[in-house]
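Participant: Okay, handing you the structure first.
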Amino acid sequence: MSGNGFGHSFRFTTFGESHGPAIGCVVDGVPPRLPLCEDDLQKWLDRRRPGQNRFTTQRQEPDRVRILSGVFEGLTTGTPIGLLIENVDQRSKDYGDIAKQFRPGHADWVYQQKYGIRDHRGGGRSSARETAMRVAAGGIARVVLDNLVPGGVKIVGAMIQMGNLSVDQGRWDWDIVEQNPFWCPDAVAATVWEKTLDGIRKQGSSVGGVVLVAAVNVPVGLGCPVYDKLDADLAKAMMSINAVKGVEIGAGFGAATLTGEENADEMRLNLDGDPIFLSNNAGGILGGISTGQPIVMRLAVKPTSSILTPKKSIDIDGNEVEVSTKGRHDPCVAIRAVPVAEAMMAVTLADHLLRHRAQMG
């Protein structure tokens, strides 16, 4: 199986399965002499960790990360950084009934068709359990950005829609995002979502959502204008996250409804003589190159495919069956997609920053 790594100058490769003994990754390309310890990564992993409230999977994984290589006396050495997280709460028996059945909405059937073998326990390699290592790699990427960009790059995320319930832009408050289980910037919406998702959870069903992720203080000039556009790589990064089915940058699909006059991000000079933009429909990227404005993206996340309601499918022997997925699953996987999206933003920006420095000095 190819395609287990992401990036060029800053590159990470993950390994492991949902119900295997451990998951891990190797991060290559990190400059030497940057301060790094396990706590720098653990604080981000704790935000993604399952079982923290009733609205996420109740699998109890501490997700304690170990740094195996690439750090000496608290500093990166420039060599590959090996990371490992042990799996401690597997319940493989939950998946015994579907060992030969293909769950609707999952990758079971296409995996079987492509490889002729699959790990049915929690989805194996295709499980969202893999995203813990993305978050760990993202923690390293944030260290790179904080140390190589004056003032650092701030990356934030929020869930702005659950099902057909959206936040009110007039009540947006970044300070409350980490004060509710939804990463929601609207306190009123978070209260409504709590009641709604409780009902969905008790039914054994699920619902989708929309996640916003933004990066502030991104240097001008990251990205290349043809095949390695910054927005193209960011779109790939976000689309590689489990359950993400759509990505928008800046005005996104809304740009199709604008006139040229409305869409143009006009420019002026500030009091210091530096250029400023009067709007940000481009989402911080023009011609594949960062403008210095905030990079703003939105991700559409589908409902969790693992639901209790029996759904029509087939099994490995060619029989028509009905499948009901048991186990511990997120009623809205978009919630835990927030820290993962932040991590993928971080690794992409770190990669392009190092590529830019290599080319431009």
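The values are calculated or read from the model by the stated rules, or taken from the named source; none is laboratory data. Note that the structure is predicted; figures quoted are calculated from it, not measured. Positions of Cβ are backbone-derived with ideal geometry, glycine not excepted, and every protein chain shown enters the neighbour counts. Ligands, DNA and RNA are excluded from the accessible area calculation, which covers all protein heavy atoms including side chains. Shrake-Rupley method; radii C 1.70, N 1.55, O 1.52, S 1.80 Å.
Participant: Give the cross-link partners of Lys100 among the aspartates and glutamates, using a straight C-alpha distance below 15 Å as the criterion and excluding same-chain residues fewer than 8 apart.
Facilitator: Once the sequence-local aspartates and glutamates are set aside, what remains near Lys100 is Asp108, Asp119, Asp315, Asp317, Glu320, Glu322.
Participant: Which loop trypsin sites (Lys or Arg not before Pro) in region 261-361, with loop taken from DSSP, have no more than 16 other Cβ atoms within 10 angstrom of their Cβ? Can you show the working numbers first?
Facilitator: Working: sites: Arg268, Arg298, Lys311, Lys312, Lys326, Arg328, Arg336, Arg355, Arg357; in loops: Lys326, Arg328.
Passing sites in region 261-361 are Lys326, Arg328.
Participant: Just to be sure I understand the model, the point goes 7 Å from the Cα along the line to the Cβ. What's the resulting Asn217 to Thr79 distance in nm?
Facilitator: It is 3.2 nm.
Participant: Then there is this: Put one equal scatterer on each alpha carbon of region 168-214, apply the Debye formula with no solvent term, and list log10 I(q)/I(0) at q = 0.21, 0.26 1/Å to two decimals.
Facilitator: For region 168-214 at q = 0.21, 0.26 Å⁻¹, log10 I(q)/I(0) is -0.76, -1.02.
Participant: At most 16 other C-beta atoms within 10 Å and a DSSP loop state: those are the exposed chymotrypsin sites (Phe, Trp or Tyr not before Pro) I care about. Give me the longest piece of the chain that has none. Numbers along the way, then the final one.
Facilitator: Working: sites that count: Trp172, Tyr227.
It works out to 1-171.
Participant: Tally Lys/Arg at +1 and Asp/Glu at -1 over every other residue whose Cβ is under 13 Å from the Cβ of Leu212; what's the total?
Facilitator: Result for the neighbourhood of Leu212: -2.
Participant: What is the set of long-range amide H partners of Glu17 at a cut-off below 5 Å, with H atoms built 1.01 Å from backbone N?
Facilitator: When sequence neighbours closer than 5 places are left aside, the close amide H contacts are Ala22.
Participant: By how many nm would the segment from Leu271 to Val192 lengthen if fully extended, with 0.36 nm per residue of separation less the alpha-carbon distance?
Facilitator: Between Leu271 and Val192, full extension yields an extra 24.0 nm.
Participant: Find the relative contact order for region 307-361 and round it to a whole percent, using C-alpha pairs within less than 8 Å whose residues are 6+ positions apart.
Facilitator: That works out to 22 percent.
Participant: Report relative contact order for the chain in percent, whole number only (criteria: Cα-Cα under 8 Å, sequence separation at least 6).
Facilitator: Relative CO of the chain lands at 22 percent.
Participant: Any chance you could tell me what percent of the C-alpha pair distances in the chain go past 27 Å?
Facilitator: Distances greater than 27 Å cover 50 percent of the Cα pairs.
Participant: Let me ask you something else. Could you tell me how far the Cα centroid of region 280-345 sits from the Cα centroid of region 196-259, in Å?
Facilitator: After rounding, the separation between the Cα centres reads 10 Å.
Participant: In deg cm²/dmol, rounded to 500, what helix-only [θ] at 222 nm does the chain give when every DSSP H run of at least 4 residues adds -39500 (n - 2.57) and the total is split over its residues?
Facilitator: -8500 deg cm²/dmol
Participant: Ok, one more. Once region 114-157 is represented by equal point scatterers at the alpha-carbon sites, with solvent omitted, what log10 I(q)/I(0) does the Debye formula produce at q = 0.29, 0.30 Å⁻¹?
Facilitator: -1.01, -1.03
Participant: Keeping all protein chains in place, calculate the accessible area per residue for region 261-361 (probe 1.4 angstrom), answer in Å².
Facilitator: Working: 4900 Å² over 101 residues.
I get 49 Å² per residue for this part.
Participant: Please find the FRET efficiency linking Leu308 to Asn4, where r is the Cβ-Cβ separation and R0 is fixed at 35 Å, and quote it to the nearest 0.05.
Facilitator: Details: r = 32 Å, r/R0 = 0.91.
About 0.65, to the nearest 0.05.
Participant: Hey, another quick one. In degrees between 0 and 90, to the nearest 10, how far off the longest principal axis of the chain does helix 38-48 point, with axes built from Cα atoms?
Facilitator: Between helix and principal axis, roughly 60 degrees.
Participant: Follow-up. Using alpha-carbon pairs under 8 Å, 6+ residues apart, how would you state the relative contact order of region 249-361 in percent?
Facilitator: 16 percent
Participant: Per residue, how big is the convex hull of region 221-361 when only Cα atoms are used? Give it in Å³.
Facilitator: Considering the Cα atoms of region 221-361, their hull volume per residue is 184 Å³.
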